[in-house]
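Scroll down for the structure; my scribbles are underneath it.
Rule-based calculations on the coordinates, nothing more; no lab input. Quantities reported herein were computed from a predicted structural model and do not represent experimental measurements. Neighbour counts are summed over all protein chains in view; Cβ atoms, including those assigned to glycine, are modelled from backbone coordinates with ideal geometry.
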Amino acid sequence: MFRRILLLGFLTTAACEIGLADPPRITAVLTSSEVVVGETVQLEIQIDNTRASAITPRAIDVPGLQIHYTGESTQMTMRNLSVSSSITYSYTILPEKSGTFKIPSQTIRVGKDNLQTPELTLRVGDSPRATAGGRGNRTPSGSAPAGSGQNADEKIAFAELLVPKKSAYVGEIIPVVLRIGFKSRTQLRELAVPQINGQGYTVQKLSEGEKNLETIDGQSYVVFTYKTAISAARPGDFQIGPVEEKANVLVTRRSPGVRRRPFDPFNGEDPFSDPFFSMPFAGLMEQHEINIKSDPVPLEVKPLPAGAPASFSGAIGSFTMTAEANPKRVQVGDPITIKAAIAGRGNFDRMNAPELSDERGWHKYPPSSNFKQDDDVGISGTKSFELVVSPNEKLATIPPLVFSYFDPAKDRYITLQSDAMPITVEGNAQSAPSVAGAATGAAAASNLAGTQKPQDILHQISEPGNIVDTFAPLYARPGFWLAQLFPLTLVLGLLGWKVRNVRASNRAALRAARLQHEKDELLRKLRRNRLAPRDYFSDASRVVQLKTALKENNIEPATVDAETAARVFSLDPEQSERMRRLFAKSDELRYSGGGSGDGALTSNGRREALELIESLS
Amino acid sequence: MKVPAIFPGAAWRAFLFGLLVLSPAVNAATNDDLFAKANTEFNAGNFKAAITDYGAVVQSGEWSANLFYNLGNAYFRDSDFGRAILNYERALQLDRNHPEADANLRIARDQTHALELAPTPLEKYLNFAGAKSFAILAAILFWGTIILLILRRRKVLWMTIGLLLTASCGLAAYKLESGTRGQDVAIVVEGNVEARVATADSAKSVLALPPGSEVVILQERGDWSYAALPNDLRGWISTKAVEKVRL
């Protein structure tokens with residue numbers, strides 16, 4: 001039974017989760033918005049809150065860019081029985097020429113929904129190799145070990161810094177990629193986490209190294225790629241790097257007599273030329289520590305242009321903003337939470353919350369924020385803010401939120417503004433400013449927005465008042481339970497009285513039963529007509545006494561005489577006389593000593609006596 | 001224990017008797033003097049001295065609604081609005097019909113824009129009486145039902161109704177005591193207080209709490225307290241930043 005209930009609950013929860021699931025949401029980001037010719041960049045289209053696969057284009061046609069689909073990955077997360085999934089579709093972009101390219105919005109069909117990706121901009125610079133005649137700042141390193149048979153030009157490792165921009169603004173986030181490669185024939189034993197050092201800028205923590213096998217200039221390399229971002233702290237000309245790194249590698253030991261053949265189809269990489277095949281037991285590898293160093297990359301940092309809007313707080317990049325407020329119906333002074341989300345690419349760490357475009361009539365509380373990054377280094381993502389505001393008066397809308405940033409691609413400041421949010425505010429204004437009626441326009445507005453004169457508090461009280469010694473609730477105080485003794489005593493008294501009454505009632509009933517029983521016995525004897533006169537009159541008078549006592553509960557039978565019986569039964573004079581004679585005869589026969597009184601009682605006398613007794617009721 | 005010779009015989013007993021009988025009276029006289037002195041200092045504008053003297057009376061354990069009301073006024077004049085609100089709340093806890101404390105509490109809240117806990121629907125419904133009234137009513141109904149049972153047997157219907165009403169009143173008293181005006185209500189007395197999702201200053205902020213804001217302490221763990229916050233939120237706040245209304 002319990003299992004059924006559990007299963008039912010789970011199914012209900014799952015059904016609710018499915019029914020109430022958020023609609024699918026799509027985002028598209030470039031791993032770098034700036035790149036040089038010959039370098040690749042990734043386009044990642046991520047669809048959240050979906051379990052259905054999407055129909056995506058295999059290739060995206062943009063003149064000057066080669067964009068190819070490279071794969072997809074799925075992520076599922078379960079939190080508090082809420083399952084959310086996201087699918088990421090990856091494309092590799094290889095620029096063919098320099099310039100600024102727009103990757104158009106793509107329509108992706110997910111289940112029954114058609115989702116649109118945002119338009120993305122990719123700036124492609126000239127390849128440094130085109131001018132430097134090589135791979136930019138890539139520096140071959142690691143001299144061939146002595147006796148290895150390799151010549152000095154044959155390097156076994158390299159390091160390079162890839163910086164998409166040569167000039168930036170103060171505070172702008174610049175993505176940097178550090179690549180360290182080792183010839184595939186070497187075996188890497190130890191490589192410390194590299195660091196990028198320099199003056200005038202801050203460097204974010206490097207991402208985990210990504211290991212790939214690449215062919216560069218016809219040579220096969222194992223390349224470790226680290227991503228990070230830097231942010232210039234002041235204007236000036238700086239150098240990024242160089243990055244210096246030490247690594248321990250195992251290098252193939254070659255025989256000095258082995259020379260490259262004039263026609264080598266494997267270009268020296270012939271696996272069968274390995275010494276293992278000529279000297280299998282002579283030792284194959286030897287360990288060497290090599291220094292790897294990249295070239296520094298120059299960076300020109302410019303100050304931000306003048307004319308920043310008032311709401312600019314240092315955000316640089318490209319952003320969009322959404323906002324919503326809840327609850328929509330409040331009382332004056334009640335808090336309203338405005339949730340604002342700023343998404344895009346830039347320096348989220350310097351981003352402050354958007355502000356109300358008009359704060360008159362509102363009280364603000366410090367906002368809280370949360371950042372969800374979409375990449376490894378936190379350049380792109382969504383920063384969510386929660387602003388709590390409370391209206392000081394009746395208002396119909398929450399003013400639009402404003403947020404300003406500097407767009408380095410457009411070289412100008414941009415101010416985003418949300419829509420005004422309609423609300424209903426009930427109740428009276430918290431403190432009615434007396435100047436509101438007299439002042440007009442801007443004067444009144446400034447009075448409202450500025451500091452209001454505090455209303456004065458009421459006077460001191462000179463008497464201390466009733467003294468108490470506890471804040472404890474009444475039912476937790478001993479006095480309360482002690483006071484219950486009074487009704488408890490009353491109840492116990494009532495209970496005792498009730499028991500006594502019951503017992504008394506029982507006694508009376510027992511006495512009546514006993515008297516009734518005796519009376520019945522005597523009447524039976526009297527009716528049998530066998531008794532001697534003395535016994536007969538004695539029993540007859542006793543029956544009268546018992547009947548009188550049964551009628552009057554408070555009379556003892558032995559105390560009843562003829563007068564008492566006549567009074568209790570309201571006998572007429574004739575019956576009263578007969579009653580007296582009955583009692584007199586009984587006393588006479590009982591106390592005169594005249595024997596049993598045989599012959600003194602006729603049958604008429606018996607009958608009359610019996611009739612008198614039975615007439616008593 | 002041997003009685004010192006300085007208090008022989010009857011003198012010792014007289015001293016003990018005097019200590020027993022006269023001590024509370026002497027204490028009360030001292031507190032009255034302190035209360036009057038604090039009022040004088042308040043009127044002279046020496047608000048800090050007034051706070052000290054009112055505080056000394058509070059420390060003695062002889063409390064009154066007027067004492068906390070005056071102390072709240074002293075804190076208000078000293079621009080410590082968080083503690084002013086705390087003491088107005090204490091005055092209202094001792095006397096829920098204290099109009100001066102109620103009025104000044106509103107003014108102090110306006111000054112700081114303190115956040116208030118929204119009462120639950122049940123609390124709103126039961127607001128016509130306090131927990132004390134419900135406790136007394138429960139006791140009366142209980143004993144009345146018992147007496148009815150003794151005097152008039154076989155009145156099952158009336159007895160059931162009486163016991164149900166008793167239980168309802170007891171439950172109402174309990175709900176009021178554990179609600180937003182109950183024994184775990186605390187007031188934020190420090191500035192720049194933020195409730196956080198975890199017991200660390202670096203943890204994400206849940207809600208900024210201006211001085212005088214109401215919270216209900218649910219659990220205390222070292223320097224942090226887990227509290228129910230206005231707007232139906234929960235979070236951890238520094239224990240030293242809040243003070244419970246009930247002493």
*When the Kirkwood radius is taken over all Cα pairs of segment B:121-177, what Stokes-Einstein diffusion coefficient follows at 4 °C and 1.567 mPa s, in µm²/s?*
110
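Write down Rg/Rh for segment A:492-614, rounded to two decimals, with Rg from the C-alpha atoms and Rh from the Kirkwood relation over Cα pairs.
1.11
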*Under 10 Å, Cβ to Cβ, from B:LEU218 - net charge with Lys/Arg +1 and Asp/Glu -1*: -1
*Taking Cα pairs under 8 Å and at least six residues apart, what relative contact order does chain B come out at, in percent?*
16
*Interchain or long-range residues, amide H under 5 Å from A:LEU416's placed H*: A:PHE403, A:SER404, A:TYR405
*Cα convex hull of segment B:185-244: how many Å³ per residue?*
66
*Relative packing of A:242-248, A:402-408, which averages over residues the other C-beta atoms within 10 Å, highest first*: A:402-408, A:242-248
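Magnitude of the Cβ-charge dipole of segment B:64-169, K/R +1 and D/E -1, about the Cα centre, nearest 20 debye?
860
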*Can you work out the FRET efficiency for the pair B:LEU151 and A:ARG350, with r the C-beta to C-beta distance and R0 = 56 Å, to the nearest 0.05?*
0.10
*asked:* 7 Å from Cα along Cα→Cβ at both A:ASN291 and B:GLN219: what's the point-to-point distance in nm?
replied: 5.7
*Backbone HN-Hα couplings from phi across segment B:162-172 [Karplus 6.51/-1.76/1.60, Hz, Gly and Pro as x]*: x, 5, 5, 5, 4, 5, 5, 5, x, 5, 4
*Based on the Cβ-Cβ distance from A:GLN331 to A:TRP481, what FRET efficiency comes out when R0 is 35 Å, to the nearest 0.05?*
0.25
*Integer Hz, Karplus 6.51/-1.76/1.60 couplings in order for segment A:293-302, x for Gly and Pro*: 9, 9, 7, x, 10, x, 9, 9, 10, 9
*asked:* Could you give the length gained by full extension between A:ARG524 and A:SER184, i.e. 0.36 nm per residue of separation minus their alpha carbon distance, to one decimal place?
replied: 108.9 nm
*Compute the relative contact order of segment A:351-400 as a whole-number percentage, counting only Cα pairs closer than 8 Å that sit 6 or more residues apart in sequence.*
43
*asked:* Under 5 Å between amide hydrogens, which residues at least 5 positions from A:THR397 or on another chain qualify, with H placed 1.01 Å from N in the peptide plane?
replied: A:ILE423
*Relative exposure of A:HIS68, A:HIS517, judged by other C-beta atoms within 10 Å (fewest first)*: A:HIS517, A:HIS68
_Net charge within 13 Å of A:ARG590 by Cβ-Cβ distance, Lys/Arg positive one each and Asp/Glu negative one each, not counting A:ARG590 itself?_
-1
*asked:* Can you compute the modelled spin-label distance between A:LYS102 and A:ALA504, with each label point 7 Å from Cα toward Cβ, in nm?
replied: 11.0
*Residues with beta-carbon under 12 Å from that of B:ASN127, excluding B:ASN127: net charge, scoring Lys, Arg +1 and Asp, Glu -1?*
+3
*asked:* Just to check I understand the Karplus step: with θ = phi - 60° and J = 6.51 cos²θ - 1.76 cosθ + 1.60, what whole-Hz values come out for segment A:391-396, glycine and proline as x?
replied: x, 8, 8, 6, 9, 9
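Could you work out, residue by residue across B:226-238, how many beta carbons of other chains sit within 10 Å of that residue's beta carbon, and then give the average as an integer? Let's see the in-between values first.
Values: counts 0, 0, 0, 0, 3, 6, 0, 1, 0, 0, 0, 0, 0.
Per residue, the average neighbour count from other chains is 1.
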*Got a sec? How would A:LYS498, A:LYS293 order by Cβ neighbour count within 10 Å, fewest to most?*
A:LYS498, A:LYS293
*Give me the distance in nm between label points sitting 7 Å out from Cα along the Cα-to-Cβ direction at A:HIS517 and A:THR121, one decimal.*
11.9
*Dipole in debye (nearest 20) - chain B, about Cα centre, beta carbon charges: Lys, Arg +1; Asp, Glu -1*: 1280
*13 Å tail of the calculated P(r), segment A:322-392, as % of Cα pairs*: 65
*Using bins 5 angstrom wide from zero, how does P(r) for chain B break down, in % of all Cα pairs?*
1, 6, 10, 12, 12, 11, 11, 9, 8, 7, 6, 4, 2, 0, 0
_Contact order relative to length of segment A:492-614, as percent, for alpha carbon pairs under 8 angstrom and 6 or more apart_ = 28
*Starting from the amide H of B:ARG234, placed 1.01 Å from N in the peptide plane, find each other amide H under 5 Å away whose residue is 5 or more places distant or on another chain.*
B:LEU229
*Please work out the FRET efficiency for the pair B:ASN46 and A:THR424, using the Cβ-Cβ distance as r and a Förster radius of 56 Å; give the result to the nearest 0.05.*
0.75
